[in-house]
1. Name the residues in the stretch 16-46 that are open to solvent by less than 70 Å² (accessible area, probe 1.4 Å) and among the hydroxyl-bearing types (Ser, Thr, Tyr), would you?
2. Quick check on this structure: which one of Gly56, Gly13 is open to solvent by less than 80 Å² (accessible area, probe 1.4 Å) and either touching a residue at least 60 places away in the same chain (Cβ under 8 Å) or more than 10 Å from the chain's Cα centre (by Cα) (or both)?
3. How about the stretch 35-65: which of its residues are of a type outside the set (D, E, K, R), modelled with pLDDT under 95 and on the phi > 0 side of the Ramachandran plot?
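The values are calculated or read from the model by the stated rules, or taken from the named source; none is laboratory data. Every value quoted in this text rests on a predicted model; they were computed, and no experiment measured them. Backbone-built Cβ (ideal geometry, glycine too); neighbour counts: all protein chains shown. Note: areas computed on protein heavy atoms with side chains; ligands, DNA, RNA excluded. Shrake-Rupley method; radii C 1.70, N 1.55, O 1.52, S 1.80 Å.
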Amino acid sequence: MKLSQYLDKEHKGTRAEFSSLIGVTPMALHRYENGDRIPHKDVMAKIHEVTGGKVGPADFYDLAA
């Protein structure tokens, strides 16, 4: 699942709250959502953890899961 899909459909809080949960700025989160930037390994692991495994590394690289 793409990060933007997760945030639109499943995350109950704001994007600012999500960015705080994963330890990045709201602007960095925006760049991850738009595909302008790929998260570093530690941030990607945190996204995977916070989303309960629904968003993972393959989702940032358009790879089949």
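1. Ser19, Tyr32 - these are the residues of the stretch 16-46 that are open to solvent by less than 70 Å² (accessible area, probe 1.4 Å) and among the hydroxyl-bearing types (Ser, Thr, Tyr).
2. After applying the criteria, what remains is Gly13.
3. Gly35, the sole residue that qualifies.
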